[in-house]
Every structure is written in C-alpha cells, then in structure tokens.
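The values are calculated or read from the model by the stated rules, or taken from the named source; none is laboratory data. These numbers were taken from a predicted model, which means no experiment stands behind them. Heads up, the Cβs are rebuilt from the backbone with ideal geometry, glycines too, and the neighbour counts pull from every protein chain shown.
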Amino acid sequence: MIIVMKAQAGEDEIQNVVRMVEQLDYRAHVIRGVERTVVACVGDERGEVHQLQHMESVGGVERVMPVLRSFKLSSREVRPEGSRIVVNGVEIGGRRLTVIAGPCAVESATQVEDAAMAVKRAGAHMLRGGAFKPRTSPYSFQGMEDAGLDLLEAAGRKAGLPVVTEIMDPHDIDLVVAHCDMLQVGARNAQNFSLLRRLGKIAKPVLLKRGMSTRLEEFVMAAEYILSEGNPNVILCERGIRTFETATRNTLDLSAVPLLKEWTHLPVIVDPSHGTGIWSLVMPMALAAVAAGADGLLIEVHPNPEQALSDGPQQLKPKRFADLMTALKPVAEAVNRSL
Ligand code: PEP
Ligand code: MN
C-alpha cells in the first residue's frame, strides 16, 4: 500500500504517519516527489491492510491506495515523475543523458588515464573500469583488484569524472565504496540476493545490470532487494540477454527500455558494448537506445583495443567514441534530451 500525503503536509505529519505504519509492523519508505510525498508501506499484506486503509483519516494524508505491482518501491505509481539520481554531482535520469565510458578493465596507470582523458574530452560524464572482473575462465585476467581501484580513482580525479566499478564479493564493499562513486552489479550477480541486500545498506548509488537470462520482472525484483534495505539510488542497465542468436555476443533487448520506464521510476541506461560484443555495432545500437528513451549509455572505450586484456572486440578506440558522441547529439535532441 502507499499513503499519499497532501501537497501541504508538514514534516511532523509525515513522521507521524511513518510511526503509525511501523506500529502496524510494516516498513515505511518515505519517497519525496516534486509535488508530494508518498509513504510506501511494505510488509505482509495478508494481515492488517484494512488498518492501513483507515489511515486516510490521519492528519496530512490525502489517500491510501494499493500498489498493484509486485515491485512496491520501484513502481512508477510511487513516483510518477521518475527518479533523478546524483552520482557525485552527475545526475542520471534528468533531461540530460548520462554517458559513462572507459575500459572494460583497469590494466595499468597509463591505460586507464589515457582512456579517462579521452572520454572526458569527447564529453563523457563518468568513467568506468573494472578492477574485479567476473571472467568465464579462471585462467583469464581477473582484474587488478585493489591496485586497480587506486588507479581508477586517480584517473577519475585527474579527468574530473566520477567513477563506477563492479563489485563481486560482499567482503569488498567497504573497499570499493571508499574508492568509487557508484557500484556496479554485473550480469552474473544480478540475482545474488545477499550481495544486493548488502548494497541496500550503503550510501552510494548502485548500477544494476540485467542478468543474461533474467526476465524484466525478475530484474526489477532484484532492484527491489536493494531499495527495500533502504538505498533508494538504483539505476537499471540493459546489457543484452542470451538468445538462440550467436552472431552477436548477446541480444540487446531495447524494448526493455520503454517497458522498464513504464513500470518503474528508476533511471534506465543501456550498454551496447556487452549488448552486442562487436565494436562496429556499438554506435548504431547506442543511437537506437537513446531513441528508445534510455537515460544514458555505458560504453567500453580502450586506448588500444587490440591489446586489451578483456573484451577487446567490443571496445571503441577513443576517436570512434568521439564520433559516437557527435552522432548522438541530433538523436538526443530529436527525443527532447541533451548531452
Ligand atoms: C562489464 O561491465 O565489464 C561487465 C562485466 O558487464 P556484464 O556484467 O554486463 O557482463
Ligand atoms: Mn567488459
């Protein structure tokens, strides 16, 4: 159920409602929209639902209504205008698109710094780079780990870009939080519920990727694990799913973008690098993603993709990334977005 507060409801009335909801054994999540505040009540709805309904008579309450979707906190019903999430000064989910770019993995100080400076020059808003890499084979490069985090942080600082990196192990959360502005949950951990719950307790935004075989409802429920632990700052990332098609690394499901935006208030970005696995397809699918309503893009860029220690075939050279940013502008404007 959600309790919609009156536009003029005061903070004392909101806190009073929260207290009353908690006394009924529900968890209360206060969601502050531009026009009004909503108190989302999460709990076992077989019990005291009628008591929540009675809260319509409490001071400051406008109405009490059920959330029809299974995803209670991410449902667009609770925040019709959509969420804007700020990552160290960079907003995701506003009118301006957010472009996150950088290498698949941090490989050396010069590699990540060159990538950072190049993507910054081309107009990217955030830097990515993996320090802990989830590789199919245990014999492949696993990432620079702690040293990679230091290099990523330094490169981001030098370029003036917030940084995002993947978190794989709950034991590394404190370390990664100390070095990065946003934590990425990769496709292989999209339903690692204990990791998701732990990320619900941190104070930094989480970029949640879709699992390679998760349905959209499962994807949103994964986000719900993070939200329900108290972290409201979750960004969804469509990165392709596994289908019978083998010509591309994954099948980029762009219909996910408008559907997720219809269902949820969370920002949605698209990763055409992992979504296709082929550098020449990254630009056309990036343009299509923006046309479909994505709030941003995640693009792999490497100063020298032929030498990359992971995902070489899908990484863009800096010049091609700059061309992509140029091509993006008119498409963004056509759908009333800016870069
Ligand atoms: C990545 O972003 O480098 C990555 C490993 O992505 P995914 O989890 O989508 O495969
Ligand atoms: Mn990669």
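Taken over region 221-245, the criterion of being farther than 14 Å from Asn189 by Cα and assigned to a helix (DSSP H, G or I) is satisfied by Glu224, Leu227. Being crowded, with 16+ Cβ neighbours inside 10 Å, over 23 Å from Glu81 (Cα atoms) and in contact with an Asp or Glu (Cβ under 7 Å, 6 or more places away or on another chain) is a property that Leu52 lacks.
Enumerate the helices (runs of 4 or more DSSP H) found wholly within region 246-304, keeping only those where 2 or more residues are farther than 17 Å from Gln184 by Cβ and more than 16 Å from ligand 2 (Cβ to nearest atom). Per the criteria, 256-263, 279-291. Residue under question is Ala327, and the condition is that it be in a loop (DSSP other than H, G, I, E, B) and away from ligand 1 (no atom under 15 Å from the Cβ); does it hold? No, not satisfied. Looking for something closer than 23 Å to Leu260 by Cα and in a helix (DSSP H, G or I) - is there at least one such residue anywhere in region 201-216? Among the residues of region 201-216, at least one is closer than 23 Å to Leu260 by Cα and in a helix (DSSP H, G or I), which makes the answer yes. Please verify whether Glu262 is touching a residue at least 24 places away in the same chain (Cβ under 8 Å), within 13 Å of ligand 1 (Cβ to nearest atom), among the acidic types (Asp, Glu) and on the phi < 0 side of the Ramachandran plot, treating the condition exactly as stated. In short, no. If only residues of region 70-80 that are at pLDDT below 95 and in a loop (DSSP other than H, G, I, E, B) are counted, the one that is nearest to ligand 1 (Cβ to nearest atom) is Phe71.
Taken over region 310-322, the criterion of being away from ligand 1 (no atom under 12 Å from the Cβ) and outside any strand (DSSP E or B) is satisfied by Gly312, Pro313, Lys317, Pro318, Lys319, Arg320, Phe321, Ala322. Here Gln184 meets each of (1) within 16 Å of ligand 2 (Cβ to nearest atom); (2) touching a helix residue (DSSP H, G or I) at 6+ places or on another chain (Cβ under 8 Å) with one exception, condition (2). Arg121 falls short of the stated requirement of being surrounded by fewer than 20 Cβ atoms within 10 Å (Cβ to Cβ) and over 19 Å from Met325 (Cα atoms). In this structure, Gly59 does not satisfy being within 18 Å of the chain's Cα centre (by Cα), part of a loop (DSSP other than H, G, I, E, B), surrounded by fewer than 22 Cβ atoms within 10 Å (Cβ to Cβ) and not acidic (Asp, Glu). Residues in region 87-110 that are in a loop (DSSP other than H, G, I, E, B), more than 17 Å from Ile269 (Cβ to Cβ) and either more than 16 Å from ligand 1 (Cβ to nearest atom) or basic (Lys, Arg) (or both): Gly89, Ser108.
Each residue in region 292-321 was checked for being free of Cβ contacts under 8 Å to residues at least 60 places away in the same chain and closer than 20 Å to Arg210 by Cα, and 2 pass.
For region 152-175, a residue qualifies if it is more than 18 Å from Pro232 (Cβ to Cβ), out of contact with any His (no Cβ under 9 Å at 6 or more places or on another chain), surrounded by fewer than 23 Cβ atoms within 10 Å (Cβ to Cβ) and in contact (Cβ under 8 Å) with a residue 24 or more places away in the chain, and the qualifying residues are Ala154, Lys158, Ala159, Gly160, Met168, Asp169, Pro170, Asp172, Leu175.
Scanning for something farther than 30 Å from Ala40 by Cβ, in a loop (DSSP other than H, G, I, E, B) and not basic (Lys, Arg), does region 113-120 turn up at least one residue? No, that holds for no residue. Taking region 64-91 as the range and being surrounded by fewer than 15 Cβ atoms within 10 Å (Cβ to Cβ), within 19 Å of the chain's Cα centre (by Cα) and among the hydrophobic types (A, V, I, L, M, F, W, C) as the test, only Val86 passes.
Looking across Lys158, Lys133, one residue alone is basic (Lys, Arg) and within 16 Å of ligand 2 (Cβ to nearest atom). It is Lys133.
Might you check whether a residue that is closer than 22 Å to Val90 by Cβ, surrounded by fewer than 18 Cβ atoms within 10 Å (Cβ to Cβ) and of a type outside the set (Lys, Arg) occurs anywhere in region 299-318? No, because not a single residue in region 299-318 is closer than 22 Å to Val90 by Cβ, surrounded by fewer than 18 Cβ atoms within 10 Å (Cβ to Cβ) and of a type outside the set (Lys, Arg).
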